Amino acid sequence: MTFWLLLTVNSVTFGGLLFLLSAGFSLIFGLMRIPNLTHGSMFMVGAYLGTTFFSGALGFTLNFWLGAILTALEVAVLGALMERLLLRRLAGQQLAQVLVTLGVSFMVADLCLMAWGGDPISVETPPGLGGFIRIGTAAAPLYRLAIIGIAVVFAIALWLMLERTRLGAMIRAGVDDPQMARVVGIRVSQLFTIVFGLGAGLAGFAGVIGSPILSVYPGLDQDMLPLALVVVILGGTGSLLGSFVGSIIVGFIYNFGQALVPELAYFILFLPMVLVLVLRPQGLFGGQVL
Amino acid sequence: MIARRIAIAVAILALIAVPYAITEAYYVNIASQILLYAIFALGLNILVGYAGLVSLGHAGLFGVASYAVASLLVLGYGHTVAILAALVIGLLFTAGFAALSLRATGISFIMITLALGEILWGLAYRWISLTNGDNGVNVSTRPMPFGIALTSAPAFYDMTLIVFVLAVAATAIFVRSPFGAALAGTRDQPRRMNALGFHVWMIRFGAFMFSGLLTAVAGILFVYYNKFISPQTLALPASAEALLMVISGGAGTLLGPIVGAALVVIIKNVVSAYVVRWNFMLGAIFVAIVVFMPEGIVPGVARLSRSAWRAMSGAKKIVQVVEPKP
């Protein structure tokens, strides 16, 4: 019983992290029609930057949450810069844009290896959240529950932003029909930069708050990117609800798979994706066919 | 036409002469690498260049064939069985890849092939009882076709060259056949081809199978060349490297992938001798080529030499009328 309960908590936690990662991925895909292959890199860069803030290598040690927010801002600026300086040059050429994000992801991975070395870096759970909460006979780690809370807060905030603000309305218009949005006077190319920065920032933030659970190592980007891909294929592109449900599903499959059939966990993860592709190519909640 | 035949004959003679011209085993091995990666790139180019479908999972298919050979040899089967079985297994996986990914085109096709390639990488990496995980599988011997040992570098080069010439010839025939023309049609005007009565999906599937065949052949050559296979061979950077070969040389040309393979293999080996950061270079070259020379080297050079020729022969400049794109 305890085993299953813990596994469930872990699954939901991982799902929450994946949601922070894939919400941006999904929005970027919905708006710009390209999979941002640097998304895993943004996650990893965030995690690495976080370790630097917490280790005191800069001469000071930041509070965990302050560090996470600062990192998110930095990664958001990085993402926005990449969109402005590289992707903008290739406006309208989706294939070229995808290939550029792929090239940049390799460069980022190698730069991280150069800057932070090849050894995994473990991150301590933030003070005050190292304990456990008793649920019956089981004890659930407090920090994991906190991540679930953060993910829910972000999900609600993003939903409010998309549904209740002017910016959100413009983004939704851009996702639905970019040309028409341009015609009615929305500066879609400016939205690209904003959404790209937002997505990158979310990924970086997820990297920091995920680092106490996952630890930080070279190849983290390659581990996370396919997960984001699967979530978006499952949930459908450009849909916040789709990312949320997809993330939870993937979180469950990944954790249960790893606990029950560790050798095939990675394979099982992709089965629902294959099913969705065959039965419902637009994803569970997506409007447009992939 | 005659000039072309002479050029081909000269090229083949030059390739045969390589092991005699450069006697050092290290460089002969690099030449073998170029040829086997060129076969891989030719296979990928069928999809990228002629079908207009960019695959980012081809290293998975390449690696499946390699692993099939290595695993069967470890199980005690002979080389003939291992090679034939690897071809069959490679084609079966290709069929699976094609069936799933051809539901889409464009960007979605990239995403699906990427995900499928990552599945194969994940299996190779984590299914330790089958693949020995990160430690990889060793292959101790090379086959001896007709009793000729392939242990030395020049002998293996000759073998690779024979397969390479066959692969180029097969690709040339494929591309110029009615099927190749239909394939280019599905790339440029899929709906019109559909209306004309062509089965677009079937044509793409056939192209994917041919691409998978060349990829499997290259994978088999690779495992015998390298005598070792590890999950690294299936990872995303390997797929990206192959795509870089195709795009840098010039997608949709016969010569492009070969030039691209030579370029990437040479840069990789030369650069690796001086710096450890090959992945950084790979990324940087990728970005540079996509931004500055999206057409690739072969079409780029061909365009430059044509205009140079025209300038030298003093012909009038031909003004090209470009129709506006819809």
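Rule-based calculations on the coordinates, nothing more; no lab input. These figures come from a predicted structure and were not determined experimentally. Every residue, glycine among them, receives a Cβ derived from its backbone with ideal geometry; neighbour counts consider all protein chains shown.
So what's the net charge close to B:Phe109: Lys and Arg +1, Asp and Glu -1, counting the other residues with Cβ under 14 Å from its Cβ?
Residues close to B:Phe109 contribute a combined charge of +4.
Starting from the Cα of B:Asn135, step 7 Å along the direction of its Cβ; do the same at A:Asp177; then give the gap between the two resulting points in nm.
In this crude label model, B:Asn135 to A:Asp177 measures out at 6.1 nm.
Net charge around B:Trp121, counting only other residues with Cβ within less than 12 Å of its Cβ (Lys, Arg = +1; Asp, Glu = -1)?
Numbers: positive: B:Arg126; negative: A:Asp223, B:Glu118, B:Asp134.
Every neighbour counted, the sum reads -2.
Length gain on complete extension for the stretch A:Gln190 to A:Thr2, per 0.36 nm per residue less the alpha carbon to alpha carbon distance? Please report the intermediate quantities before stating the final value.
Working: separation 188, 0.36 × 188 = 67.68 nm, distance 4.98 nm.
In short, 62.7 nm is gained.
Nearest 10 degrees is fine. How inclined is helix B:79-101 to the longest principal axis of chain B, computing both from alpha carbons?
Once rounded, one gets 50 degrees.
Could you work out how far the C-alpha centroid of the stretch B:289-305 sits from that of the stretch B:132-161, in angstrom?
36
When the helix-only estimate is applied to the protein assembly as shown (DSSP H runs of n ≥ 4, each -39,500 (n - 2.57), divided by the residue count), what is the mean residue ellipticity at 222 nm, nearest 500 deg cm²/dmol?
Details: 25 runs with 452 residues, N = 616.
Per the formula, -25000 deg cm²/dmol.
Pop the C-beta distance of A:Leu129 and B:Thr151 into the FRET formula with R0 = 60 Å and round what comes out to the nearest 0.05. Walk me through the numbers before you get to the answer.
Values: r = 61 Å, r/R0 = 1.01.
In this case the efficiency is close to 0.50.
Assign unit charges at the C-beta atoms only (+1 for Lys and Arg, -1 for Asp and Glu), then state the dipole size of the stretch B:2-313 relative to its Cα centre in Debye, rounded to the nearest 20. Before the final figure, lay out each step's value.
Values: 16 positive and 7 negative charges, 153 e Å.
Charge dipole of the stretch B:2-313: 740 debye, to the nearest 20.
Taking only Cα atoms, what is the 0 to 90° angle, nearest 10, from helix A:188-214's long axis to the longest principal axis of chain A?
In chain A, helix A:188-214 runs at an angle near 10 degrees to the longest axis.
For B:Asp158, A:Asp176, A:Asp119, what ranking results if the residue with the fewest other Cβ atoms within 10 Å of its Cβ goes first? Provide the component values of the computation, followed by the final result.
Details: B:Asp158 18, A:Asp176 14, A:Asp119 9.
With the fewest neighbours first, B:Asp158, A:Asp176, A:Asp119 line up as A:Asp119, A:Asp176, B:Asp158.
Within 10 Å of each Cβ in A:105-115, how many Cβ atoms from other chains are there, averaged over the peptide? Walk me through the intermediate numbers first.
Values: counts 6, 14, 9, 3, 4, 9, 4, 0, 4, 3, 0.
Counting Cβ atoms of other protein chains within 10 Å of each residue's Cβ and averaging gives 5.
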